[in-house]
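Beneath this line is the structure, given in structure tokens, with notes to follow.
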Amino acid sequence: MLGPLEVVADNQPIPLGGTRQRATLGFLLLQANRVVATSQLLKAVWAADDAPSSARKILQNAVWGLRGVLHARGSDGRGGGSPALLTQAPGYMLRVEPEQVDLFLFERHAARGRAELAAGRPDAAARSLKEALGLWRGPALADLVETGISWMELSALQGARVDAMEDYFEAELERGRHHSVLGELETLVDNEPLRERACSQLMLALYRCGRQADALNVYGRIRSALVENLGLEPGHELRTLQQAILTHDAVLASREVATHQDLALDSGPADRAVLVRDDASGPARGTRTTAVEAGAGTADGGPAAERGNTVPATTTTGPRAMVSERKRISVLLLRTELGPQAGGGGIESVDRLLRDTAAAVKEEIEAYGGTVAASIGS
């Protein structure tokens, strides 16, 4: 079903009849293991044309021919019996096992991948979702669509396929594989320009590939499309992502990049770098401020926790991970390097730069929902 309609036995296709027979089988598969009224089936098979007076007879002949096809197919050795097309009032029912239909296999793999993604297992999720998407050979029932059939169930199938693609891209982005999915994301957004989730994933992938301007252009395109076609502005998540890209927010870094930064900035067995700010235009001009998490301490400033108990201050696994994790107490160690221009003003100039640095750090902490309890030392 996930492509041109095919019936296969022992890896060999079984010839099907004409358009009416194929349409009958296709619609019964969409309603598999459920009774379909004859009147409903007639409307589906003659969706593009008015049904002739002989429509019921033509349908009966199609059903008779399909029973011969399904009997020839037999059992496929995957644990299910032969499919059967049963007459059951007020119409017909196609009885099949889930393992015998690619649509049901797709839904099973996609559901498993979605559950693995929700459980924080992006590697397993990517494998399951890739397996699900690999079952598609083109648009669902593509040969019937070419004849003018446009069942609403086919639109739902296409939506399910795009949902699975977005889940797959999210898993790959969480794995730090933005380069490998960039081309596929661009194709999806070209085909589905109003999908905000896909656009946000493309923006994130472009940003992580060092293409900030292109990422912002994607936002501009979807905003224009939403306004022109639906009269809507982009949703909160997409707007938040745009602002994060504009400000080079650290939460946009991939897991792979974040790991490399942690190693490069590690300053001791109990320290873990979580933020680097090098802002030549900020209040403390000419300074470089590095904030280092030293673990959770006690309320009176006691010893920090062991490294194994530290919790990363930010999550960097995808466009929706915009909120930092919080700890009861965090200790920040700051080292400020004064530029050459700071030496001529004496102690007052140094104090002013230190105050500006503290203000910049306070602003950064509050941006992530934290508060500054106190400052110790100078």
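I want the local charge near Q60. Using Cβ-Cβ distances under 15 Å, sum +1 for each Lys or Arg and -1 for each Asp or Glu among the other residues.
+4
Among C199, C209, which comes first, second and so on when ranked by fewest other beta-carbon atoms within 10 Å? All intermediate terms of the calculation are to be shown ahead of the outcome.
Working: C199 27, C209 14.
Result, fewest neighbours first: C209, C199.
Work through the residues other than A225 whose Cβ is under 11 Å from its Cβ and net out their charges, Lys, Arg +1 and Asp, Glu -1. The partial results should precede the final answer.
Working: positive: R195, R221, R223; negative: E192, E196, E228.
Spelling it out: positives minus negatives among the neighbours equals 0.
Each residue of region 183-188 in order: what ³J(HN,Hα) in whole Hz does its phi give by Karplus 6.51 cos²θ - 1.76 cosθ + 1.60, θ = phi - 60°, with x for Gly and Pro?
Those phi angles translate into x, 5, 5, 4, 5, 4 Hz.
Taking other Cβ within 10 Å of each residue's Cβ, how do D249, D214 sort, fewest first? Mind showing how you got there, number by number?
Values: D249 18, D214 15.
Exposure proxy ranking, most exposed first: D214, D249.
At a Förster distance of 45 Å, what's the computed FRET efficiency of E237 paired with Q88, Cβ-Cβ distance as r, to 0.05? Display every interim value, and only then the final one.
Numbers: r = 47 Å, r/R0 = 1.04.
Approximately 0.45, to the nearest 0.05.
Could you put F169, F27 in order, starting from the residue whose Cβ has the fewest other Cβ atoms within 10 Å?
With the sparsest Cβ surroundings first, the list reads F27, F169.
For D10 and K130, calculate 0.36 nm times their separation in residues minus their Cα-Cα distance, and state this gained length in nm to one decimal.
Numbers: separation 120, 0.36 × 120 = 43.20 nm, distance 2.46 nm.
Using 0.36 nm per residue and subtracting the Cα-Cα distance, I get 40.7 nm.
Suppose R0 equals 45 Å. What FRET efficiency, 1/(1 + (r/R0)^6) with r the Cβ-Cβ distance, do L194 and R355 give to the nearest 0.05? Write out the running numbers ahead of the final one.
Details: r = 49 Å, r/R0 = 1.08.
So, using R0 = 45 Å, E works out to roughly 0.40.
Would region 144-248 count as rounded, prolate or oblate if I go by the C-alpha gyration tensor, calling it rounded below 1.5 in a/c and otherwise prolate when a/b exceeds b/c, oblate otherwise?
Verdict is oblate for region 144-248.
On full extension of the chain, what length is gained from K43 through D163, given 0.36 nm per residue of separation minus the C-alpha to C-alpha distance?
Working: separation 120, 0.36 × 120 = 43.20 nm, distance 2.90 nm.
That pair, K43 and D163, stretches by 40.3 nm at full extension.
Coordinate-derived values only; no laboratory data. None of these values were measured; they are calculated from a predicted model. Every residue, glycine as well, gets a Cβ built from its backbone with ideal geometry; the counts of neighbours run over all protein chains shown.
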